[in-house]
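First comes the structure, then the notes that go with it.
The values are calculated or read from the model by the stated rules, or taken from the named source; none is laboratory data. In this text, all values refer to a predicted model and were calculated from it rather than measured experimentally. In this analysis, Cβ positions are derived from the backbone assuming ideal geometry, glycine residues included, and neighbour counts consider all displayed protein chains. Heads up: the accessible areas ignore ligands, DNA and RNA and are worked out on the full protein's heavy atoms, side chains in. Shrake-Rupley method; radii C 1.70, N 1.55, O 1.52, S 1.80 Å.
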Amino acid sequence: MEVHGPDNSLLVYGNCDITGIDDNDYQTVFTLNINDTQIETNILSTPYTGTLEVQTYTSQDYFIVTTEDGNFVIKTTAGFGNFDEDTAKQSNTFAIVSLDCTFTCSSGTSTLLIQVLVTDINSHAPEFDQDDYVYSVASPMMPLTDFSIYGDKSLTAKDIDFSNQDITFTVTPDDFSISTISTSDSKSYTASFAARNVIQLTGNRTYTITATDSGTNPGPLTTSTTITLTVDESTSLDIPSFESSSYSFNYTVNDTSPKLTELDGPITIVTNKPSDLTEPELTGDYSQYFEAVVNEQTSTIEVSAIDLLPDDVGSFVIVTLSVSTDNRASTSLIVYLAESAESVVQFSSHYYTGSYSDLTNSITLDNPITVTSSSTPAVKLAGEYNEHFSIKYEQSTSSCLITVKSNLTINETQASSYITLTITATVGKYSDTANLLLVLPEYELKFTEPLYEATYNDNTVTIDGNSSIGFTTEIEDVTITIGGNYQEYFGIAYKAATKQWSLIITKSLSNDTLKTEKEIVLILTATDVYKNVAESVVTIQLPKVETNAPEFSESYYLANYSAYINNSTVALNNNIAIINRDDQSKINITLDSYSENFGIEYDNSLNKWIFKVISPLNEDIFLSKNEVIITLLAEEENNSNKGKAVVVINWISEAAPTFSQAYYIGVYPVNGTGVVEVQPDITFTNVGDPSEIKMRLDTANEELVVALTAENDNGKEGQSVLIIQLPNAQKAPEFSNIYYTAKYPESGSGIIELDPAISFKNAENPDSITVTLDNYVDNFEVSYGVDGWYVQIKEGLSPTTLSQNTELVITLVATESGVDSTGESVLIMRLPSSGNATNIQFSEAYYIAEYPDTATSSIELESPIEIINVDDITKVKLTLDNYIENFEIIYQSNQWHINIKKELDKNVLYNNAELVMSLIATEVNNTDKGYSALVIKLPTGINGTAPKFSEAYYKGTYPENGTGIIEILNPIGFTNVDDPTKVGIVLDNFSDNFEIVYSSNMWHINIKKPLESSVLTKNVELVITMVATKTGYTAQGESALVLTLPGATIGPKFAATYYIAKYPKNSTGIIEFDTPYKFLKYR
């Protein structure tokens, strides 16, 4: 293909030298990838050589092609912001824009076809063609009716993102199903509605319509609007109705004039066509004695009596009232007749209200229940739970008195918020009734304390102070569950006698927990049969766990044994004591031998250890020995380390050899060979010729204390103790560096110097250390000379090894005399290049990078990747031998970058601490390659370490004005978080009211919305769980937030949970507190 310029001259491909654009790009197509949000942004900036002038280019509405400061630059224009709207709807998520460019360069004219692949980011939410919609419709609407047919315009939304394929419409309330109407090439979408059921409109009704697009990059977007349906009276079918199915009146006669008095309020009609109401119609017996008139202004009907009722009418009459529009509506009128003064009985009202209190066992009436009657009426109660109440008529006040016979149960009070009783008053054959509505006490499920403090000790949990777990009101049926990080170790039991709960231990806490934690937190959640939920927090103080061994006051104790017929005794020269424990009663001391003869126990009354005889020693022991040696072992719960000491029990035996000392001390040599020097010299007080004495070591008494036994020709034995002080445990030799580098000489012989020189952190005598190699032992050996450590070439490397490798990686292994473990380091030996080609050389043998905690586009290197022997770095390409689907290495802005193409799989993150891969460098026109290593450190686990709050709970005060920031007494913090900005804290409850944010180097609790008045009046404190997570991890840390609320009245609150005072011995004067008692502010 030939391309000609404006003057018909032939354009030559590739005359311009632009970095990153080679000859093949000029002959085919050069591609750029961007997205539609990169408006007025540089999308390409690359250096060029020589001169470069841009003559012409296409698509100028969207792009600018130019040169700036020696770089060839392509950037988007402000008009690129219209790209979504200008681009036709399509199924692909990208669109292609062609940039045909013509350049004049040092070597001539060139053309370059650039294809810009523009990816559609879902950045535009759907837009409705109106702010809101109003439709006048016929009522009732029948099923499947589309109300939009009644308007001038359909409900339409538009989404200009060119890859969006659909919009979904939803409606609230969900009275309609909605389908979407659109065409394959249109970006506008119309909603088609269908009523799900018959909809009767009696006035205006408003709906919320939400449009959601189908975008996936990064996700769908929504927009909402409102529609209002009004009733079109001209096309609607009205179905009128009365607000009540019946209305009652009192009929009285004053001076031969009848009168009706409403008892249930006005007679109200619900209709869409009040002007079309017909004249009211009264039917039934005695309907001719009454009249009904419509009030069109208020849509009510007024009923009056127009004539006296006959004398033979009973106590009431019923009349039917009817009106019509498009349909007919009816209700019943009940007219009660007042009797003569001698026989009438009538309540002052037919509806009374009051309240029931289970605390005072009483009923409080809002108004007295009075009865008008000439004689004393008989009164009685009926209705639900009437057996709990009694009623009597008070003649003096003409009223009824209602009292409580027995309290309602909790189940009865929770079944409803009120109960209704029917009161009947009777005089002779006449009676009247009234209803009494009693409001029941509001039930609340609430723990007695928002926070309980407890102590864990001896596998029991004790709630501190006089408090115990319970509820502010008596609860008959409630379930308590335990939450928190240690819920599996605890249970909760109910004590029926006290109607309270206690914590029990189902599994002992681990030693690790007892050693590392001072306090743990449990969350108690109570649920009753009515699904009410309450929460409280239990903080449990853990006992201090010792990790060091109990330490005896002496390494050995001397004792004298006295044998008597009836009683044998043993007396210690020094009392046995444990010097590094405050409470010695928790120590258990056992004997390694003679436990059938001796015992030891701690006497709490004397505060001392008692070593005593349980059973006398056998006489054979006195014949064969001069003393008995017993090892004492001191143990305690949750501590694997044991304390040791020796008791030497003496008695007089003339025949047995007697050591001059009770014990001897020897020092064990570091090298483990030779003679153990003993101080002082071993001698005897009753042996003339030591050569006649046989000596043996009794090693049954542990490692550091050895019993010495001396035996003469007569078989008599004497004993002492040898205490050997062992040297500290020896560690493996530790290299000073994790790796060393060296260069292999081209001559292939001689000595190889190491950089840096080999040295050790913990070895003073190099002569005791040997360094070996794990490979190439036929070629090299490591020796130590006057100038330090060096590598001696025993035999030169083979040509094959030299030609196939640029460097060798060899493990150095160090061993030390008398030490079993070994130390290791790495020797990286660079080899000379082979042939005429030049090996590409990295600046380092390996590079270290750290994989980010959260997904980003690149990885930070500890030191930059550099090629040290290539002049034109743009001709070098770096690749990896593994994980190529996850990472790529590019050269940009004068340095190498490691980009993340795809996030690592969670299994890889979970199962590896680091990834090691080879870096391979290749160069144009060079067949040799360069190698280095890339080590990528991975974050710890896929869940990470949970943030640990600095406190088990935090206290704050809710302000009376319900706005602003909540003050916290102890600032929120963490013990294992370096960067608080990477931690998020959420609340398990009241998240609509509060939020926790980090700013100005501290955590703040902001009030988003004031608490409801019902919450403030019902609670003195709120207990809310705070949940903290690190960015990119799922592990959670928890603490409790206890908020004190205003409004409720509480008593004074002490500043401390307990105080300590000492009672004087003389029982007179003033008792002083160790800490003065104070009160917190209270309301």
Inset, instruction - Could you please tell me which pairs satisfy a Cβ distance under 7 Å, a separation of 6+ or placement on different chains, a first residue in region 140-161 that is modelled with pLDDT under 90, and a second residue that is among the basic types (Lys, Arg)? - result: Pro143/Arg196
Inset, instruction - Evaluate region 683-701: report whether one residue or more is touching a strand residue (DSSP E or B) at 6+ places or on another chain (Cβ under 6 Å), at pLDDT 75 or above and not hydrophobic (A, V, I, L, M, F, W, C). - result: no
Inset, instruction - Among residues belonging to region 815-859 that are open to solvent by 50 Å² or more (accessible area, probe 1.4 Å) and assigned to a strand (DSSP E or B), point out the one that is modelled with the lowest pLDDT. - result: Tyr846
Inset, instruction - Taking Val983 as meeting all but one of (1) within 17 Å of Ile1024 (Cβ to Cβ); (2) among the β-branched types (Val, Ile, Thr); (3) at pLDDT 90 or above, write down the number of the exception. - result: (1)
Inset, instruction - Go over the candidates Gly465, Gly491 one by one and state the one that is open to solvent by 60 Å² or more (accessible area, probe 1.4 Å) and either without any contact (Cβ under 8 Å) to a residue 24 or more places away in the chain or part of a loop (DSSP other than H, G, I, E, B) (or both). - result: Gly465
Legend entry - region 247-304, residues that are assigned to a helix (DSSP H, G or I) and open to solvent by less than 50 Å² (accessible area, probe 1.4 Å): Pro274, Ser287, Tyr289
Legend entry - Single residue of Ser406, Ser396, Ser349, Ser375 found to be assigned to a loop (DSSP other than H, G, I, E, B) and in contact with a helix residue (DSSP H, G or I) (Cβ under 7 Å, 6 or more places away or on another chain): Ser406
Legend entry - The listed residue being under 30 Å from Phe94 (Cα atoms) and among the β-branched types (Val, Ile, Thr), out of Thr225, Thr210: Thr210
Legend entry - Residue check, Ile504 hydrophobic (A, V, I, L, M, F, W, C), over 28 Å from Gly956 (Cα atoms) and open to solvent by 70 Å² or more (accessible area, probe 1.4 Å): yes
Inset, instruction - Please work out which one of (1) touching a His at 6+ places or on another chain (Cβ under 6 Å); (2) modelled with pLDDT of 95 or more is the condition Thr208 fails and give its number. - result: (1)
Inset, instruction - Working carefully through the options Leu509, Leu522, find the one that is aliphatic (A, V, I, L, M) and touching a helix residue (DSSP H, G or I) at 6+ places or on another chain (Cβ under 6 Å). - result: Leu509
Inset, instruction - Report yes if some residue within region 937-946 is buried (at least 16 other Cβ atoms within 10 Å of the Cβ), out of contact with any Leu (no Cβ under 7 Å at 6 or more places or on another chain) and at pLDDT 80 or above; otherwise report no. - result: no
Inset, instruction - Within region 35-42, identify whether any single residue is buried (at least 16 other Cβ atoms within 10 Å of the Cβ), out of contact with any helix residue (DSSP H, G or I) (no Cβ under 7 Å at 6 or more places or on another chain) and not polar (S, T, N, Q), and answer yes or no. - result: no
Legend entry - Yes/no for Leu591 being at pLDDT 90 or above, buried (at least 19 other Cβ atoms within 10 Å of the Cβ) and either among the hydrophobic types (A, V, I, L, M, F, W, C) or more than 30 Å from Asp681 (Cβ to Cβ) (or both): no
Inset, instruction - Return the total of residues in region 257-280 being closer than 22 Å to Pro310 by Cβ and among the charged types (D, E, K, R). - result: 1
Inset, instruction - Working only within region 443-454, note down all residues that are open to solvent by 30 Å² or more (accessible area, probe 1.4 Å), farther than 20 Å from Glu1038 by Cα and either under 24 Å from the mean Cα position of the chain (by Cα) or at pLDDT 80 or above (or both). - result: Lys446, Thr448
Inset, instruction - Identify the residue in region 409-442 that is closer than 16 Å to Ser355 by Cβ and part of a loop (DSSP other than H, G, I, E, B) and, among all such residues, is most open to solvent (accessible area, probe 1.4 Å). - result: Glu442
Legend entry - Matching residues, region 352-372, being assigned to a strand (DSSP E or B) and either surrounded by 16 or more Cβ atoms within 10 Å (Cβ to Cβ) or not small (Gly, Ala, Ser) (or both): Tyr352, Thr353, Gly354, Tyr356, Ile363, Thr364, Leu365, Ile369, Thr370, Val371, Thr372
Inset, instruction - Quick one: in region 992-1013, of everything that is in a strand (DSSP E or B) and open to solvent by less than 30 Å² (accessible area, probe 1.4 Å), which residue is nearest to Val533 (Cα to Cα)? - result: Phe994
Inset, instruction - Test each condition in (1) modelled with pLDDT of 85 or more; (2) in a loop (DSSP other than H, G, I, E, B); (3) not charged (D, E, K, R) for Ile480 and report the one that comes out false. - result: (2)
Inset, instruction - Could you list all residues from region 158-179 that are open to solvent by 30 Å² or more (accessible area, probe 1.4 Å) and in a strand (DSSP E or B)? - result: Lys158, Thr168, Thr170, Thr172, Ser177, Ile178, Ser179
Inset, instruction - Considering only region 881-898, state which residues are assigned to a strand (DSSP E or B) and either at pLDDT below 90 or under 21 Å from Ile21 (Cα atoms) (or both). - result: Glu888, Ile889, Ile890, Tyr891, Gln892, Gln895, Trp896, His897
Inset, instruction - Considering only region 594-622, state which residues are within 17 Å of Leu633 (Cβ to Cβ), acidic (Asp, Glu) and either modelled with pLDDT under 90 or in contact with a Phe, Trp or Tyr (Cβ under 9 Å, 6 or more places away or on another chain) (or both). - result: Glu601
Inset, instruction - Return only the number of the condition from (1) of a type in the set (Gly, Ala, Ser); (2) in a strand (DSSP E or B); (3) free of Cβ contacts under 8 Å to residues at least 40 places away in the same chain that Ser234 does not satisfy. - result: (2)
Inset, instruction - Among the candidates Thr172, Thr111, Thr104, single out the residue that is within 24 Å of Thr190 (Cα to Cα), β-branched (Val, Ile, Thr) and touching a residue at least 24 places away in the same chain (Cβ under 8 Å). - result: Thr172
Inset, instruction - Answer yes or no as to whether Leu524 is part of a loop (DSSP other than H, G, I, E, B), open to solvent by less than 30 Å² (accessible area, probe 1.4 Å) and hydrophobic (A, V, I, L, M, F, W, C). - result: no
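Listed here are the residues, each with its yes/no results for (1) touching a Pro at 6+ places or on another chain (Cβ under 8 Å); (2) in a strand (DSSP E or B); (3) open to solvent by 20 Å² or more (accessible area, probe 1.4 Å); (4) modelled with pLDDT under 75.
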{"residue": "Val1015", "(1), (2), (3), (4)": "no, no, yes, no"}
{"residue": "Val1023", "(1), (2), (3), (4)": "yes, yes, yes, no"}
{"residue": "Met1026", "(1), (2), (3), (4)": "no, yes, no, no"}
{"residue": "Ser1039", "(1), (2), (3), (4)": "no, yes, no, no"}
{"residue": "Ile1050", "(1), (2), (3), (4)": "no, no, yes, yes"}
Inset, instruction - Consider Asn626 carefully, then state whether it is within 30 Å of Met695 (Cβ to Cβ), open to solvent by less than 80 Å² (accessible area, probe 1.4 Å), of a type outside the set (Gly, Ala, Ser) and at pLDDT below 85. - result: yes
